[in-house]
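Asks: After the structure tokens below, expect a handful of questions from me.
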Amino acid sequence: MISAHETFDDTFRHTPHFSSAPGFAMHYTDEGTGPVLLCLHGEPTWGYLFRHLIAGLRGSYRMIAPDHMGFGKSETPRDRTYWLQDHIDNLEALVLDLGLSDITLVMHDFGGPVGMGLLARRPELVSRVIALNAPTPFGQPELPRTLAENAAHSPWFSWIARAQADGTLDDVLGALGYNALSTLKLNGFQDNTVITPAWLRAYAAPFPTREQTLGALGWAKGFALGAHRFESPSPRAREAAAHLPALTVWGMQDQTLRAAHFLPLFRAAFPHGLITELPTAGHYSPEDAPETVLALVRLFLDATA
């Protein structure tokens, strides 16, 4: 776990906040005032991924970016499981603890399934959805086939299956503090010009020891073991979601979550949603194209205010 007041050479200078509602010390940033943008990261990142959005939007919005259990500045308890359903539980507890409503979900990577889980459980709390290279599973009949077909063409998911089978998954991800960059690159990170010592330290720092990698390992292993459980929305939640303003921004160089597989899932969940493709950005679109992503998000928020 990163020190609460670590700023990484002032690139992430935010007052730390913690909630114990999920049953562990869950860190979140809380910047600005106005309608809530709830920013949900994925693997193996943390709230640092959203630093450009936070800086660009906190003048008009309340920017809340939690670190999932086992990531960023949040605690990594040893007596918990780290499956999708656990992260949904944690997020729901945080949202209720903070009394959030009229939420715009901003999701990346596995933040997508976590955020969609919250939408399935608490549709009355969500007013807009923004998916940045984030899957939007919402009980679509084609979801199992989509996941299987994507995994067959994804270097990341193919490696997870092989590493779990040959017993090396724990060792490799257990050293994530040393191989964070190679993990990001395997997933499709593109813009090497953003790499600085502070940037690299920010993404490696959450994983200083093997015991601190339980979050990253759990997310990967959950796919290999079939342990993740996607939330099933009720008919009421499906109907509510279908009428929400929604935007997806997709870096088309994403090697982990292929647009051909996941953009149809977005369209199925949000038939009136907007789709924007970024030809040169990869999986980590908020890193590869921060100014473009910020501009697109701001335009969408202004248009749906």
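Asks: Which parts of region 31-71 would a label at Leu181 reach, counting a residue when its backbone N lies under 16 Å from a point 7 Å out along Cα-to-Cβ?
Replies: Hits in region 31-71 for Leu181 at 16 Å: none.
Asks: Let me know the shape class of region 1-67, please: from the alpha-carbon gyration tensor, a ≥ b ≥ c as square roots of the eigenvalues, rounded when a/c is under 1.5, otherwise prolate if a/b is greater than b/c, or oblate.
Replies: Oblate is the answer for region 1-67, as a/c is 1.5 or above yet b/c matches or exceeds a/b.
Asks: Another question about this same structure. Along region 129-146, what does the Karplus equation 6.51 cos²θ - 1.76 cosθ + 1.60 (θ = phi - 60°) give for ³J(HN,Hα), rounded to whole Hz, x for Gly and Pro?
Replies: Per-residue couplings from phi come out as 9, 10, 10, 10, 6, 10, x, 10, x, 8, x, 5, x, 7, 4, x, 5, 4 Hz.
Asks: Expressed as a whole percentage, what fraction of the accessible surface of the chain belongs to carbon and sulfur atoms when a 1.4 Å probe is rolled over the protein heavy atoms?
Replies: Carbon and sulfur atoms account for 54 percent of the accessible area of the chain.
Asks: Taking a ≥ b ≥ c as the square roots of the Cα gyration tensor eigenvalues, with a/c under 1.5 meaning rounded and otherwise prolate when a/b beats b/c, else oblate, which class fits region 161-305? The partial results should precede the final answer.
Replies: Numbers: a/c = 2.24, a/b = 1.37, b/c = 1.64.
Oblate, because a/c is 1.5 or more while a/b does not exceed b/c.
Asks: In whole angstrom, note down how far apart the Cα centers of region 124-173 and region 182-206 are.
Replies: 20 Å
Asks: Suppose all protein chains stay in the model; what accessible area per residue would a 1.4 Å probe give for the chain, in Å²? Mind dumping the intermediate values first?
Replies: Values: 11670 Å² over 305 residues.
Counting only protein heavy atoms, the per-residue value for the chain is 38 Å².
Asks: Mind listing P(r) for the chain? All alpha-carbon pairs, 10 Å bins, whole percents.
Replies: 6, 30, 40, 21, 2, 0
Asks: Place a point 7 Å from Cα of Thr7 in the direction of its Cβ. Which residues in region 16-49 have their backbone N less than 14 Å from it?
Replies: Zone members listed by number: 16.
Asks: Oh, and also: Using 0.36 nm times the number of residues separating Glu291 and Ala198, minus their current alpha carbon distance, what extension gain do you get?
Replies: Values: separation 93, 0.36 × 93 = 33.48 nm, distance 1.98 nm.
Here the answer is 31.5 nm.
Asks: Name the residue farthest towards the positive end of the dipole of region 60-106 from the options Leu105, Met63, Thr81, assuming +1 on Cβ of Lys and Arg, -1 on Cβ of Asp and Glu, about the Cα centre.
Replies: Among Leu105, Met63, Thr81, the one farthest towards the positive end of the dipole of region 60-106 is Met63.
Asks: Which three semi-axes in whole Å describe the equivalent ellipsoid of region 158-226, each the square root of 5 times a Cα gyration tensor eigenvalue, listed largest first?
Replies: Working: eigenvalues 101, 41, 16 Å².
Each semi-axis is the square root of five times an eigenvalue, giving 22, 14, 9 Å.
Asks: Put +1 on the Cβ of each Lys and Arg and -1 on the Cβ of each Asp and Glu in region 128-233; which of Leu217, Ile195, Pro233 then has its Cα farthest toward the positive end of the dipole?
Replies: Going by the Cα projections, it comes out as Ile195.
Asks: Here is a further query. Quick check for me: using +1 on Lys/Arg Cβ and -1 on Asp/Glu Cβ, what's the dipole size of the chain about its Cα centre, in debye to the nearest 20?
Replies: Once rounded to the nearest 20, the dipole reads 360 debye.
Asks: Among Thr146, Phe18, Leu37, which residue has its Cα furthest toward the positive end of the charge dipole of the chain, with +1 on Lys/Arg Cβ and -1 on Asp/Glu Cβ?
Replies: Of the candidates, Thr146 comes out farthest on the positive side.
The values are calculated or read from the model by the stated rules, or taken from the named source; none is laboratory data. Computed from a prediction, not measured in an experiment: that's the story for all the values here. Here Cβ is always computed from backbone atoms with ideal geometry, including for glycine, and neighbour counts include all displayed protein chains. Surface accessibility is based on the protein's heavy atoms, side chains included, excluding ligands, DNA and RNA. Shrake-Rupley method; radii C 1.70, N 1.55, O 1.52, S 1.80 Å.
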